[in-house]
Amino acid sequence: MSTDQSIDQIIGAVRRLDGSLVVAPAVGDPGFPELAWGDAFFYYAPDGEMPRTVQPYGTIVTKNYPDDTSSDLDPPGLWRVNIRVDRETFRELTGHGTGEQTTDDAAVDHAAADVVLPHPVYGSAGWIAVVTPGSRTGETVLRLLRAAHDAARARYERRRTG
């Protein structure tokens, strides 16, 4: 399976979730900064409009960002899925609690492929990351994205009725 097919498969799975909105700025898209071109951002937005005051519950990034280089995503074919998870899931997957510093752990190789790790920048906020998901993490990534989507839907409903 090629990298593009894997990214497309993940985006397709998210698009099939009820109320899902995938924002994937293309090269040259004037509505987004150049840095975001080629990446994907996942929201719960049943109206189809990108929320202005809500962060995505998941992303796919295809390159290093200025403050996020430890996954070494600039070589061709590398990319990373980032997913917001609840505290219990974060601890189960990483062995760390949310709010704990996870990025200074010298034993963590944030460039390791097909491994669930704390996000190199936002791990302490409950985000996990998987560089180029493969046979070990592919199903886990899809399961976590479904759970993150469900949690985003629940937050949306609470805001609407609260």
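FYI, it's all coordinate maths here, none of it is from the lab. Bear in mind the structure is a predicted one, so any value in this text is a computation, not a measurement. Counting neighbours? That spans all protein chains shown, and the Cβs are built from the backbone with ideal geometry, glycine included.
Near Glu92, once Lys and Arg are set to +1 and Asp and Glu to -1 for all other residues with Cβ below 13 Å from its Cβ, the sum equals +1. Among the chymotrypsin sites (Phe, Trp or Tyr not before Pro) within segment 1-69, those in coil by DSSP and having at most 16 neighbouring Cβ atoms inside 10 Å are Trp37. Measuring nothing but how far apart in sequence close Cα pairs (under 8 Å, 6+ apart) lie, relative to its length, the chain scores a relative contact order of 19 percent.
Taking a ≥ b ≥ c as the square roots of the eigenvalues of the Cα gyration tensor, segment 1-94 is classed as rounded, since a/c falls below 1.5. The fewest-to-most ranking of Arg87, Arg146 by surrounding Cβ atoms within 10 Å reads Arg87, Arg146. Shape analysis of segment 77-162 places it in the oblate category; the axes a ≥ b ≥ c from the Cα gyration tensor give an a/c of at least 1.5, with a/b not above b/c. Look at where the Cα atoms of segment 117-138 and of segment 28-43 average out, and the two centres are 21 Å apart. Taking other C-beta atoms within 10 Å as the exposure proxy, His149, His119 rank His149, His119 from fewest upward.
Sum up the charges of everything whose Cβ sits under 11 Å from the Cβ of Leu17, counting Lys and Arg as +1 and Asp and Glu as -1, but leave Leu17 out.
+2
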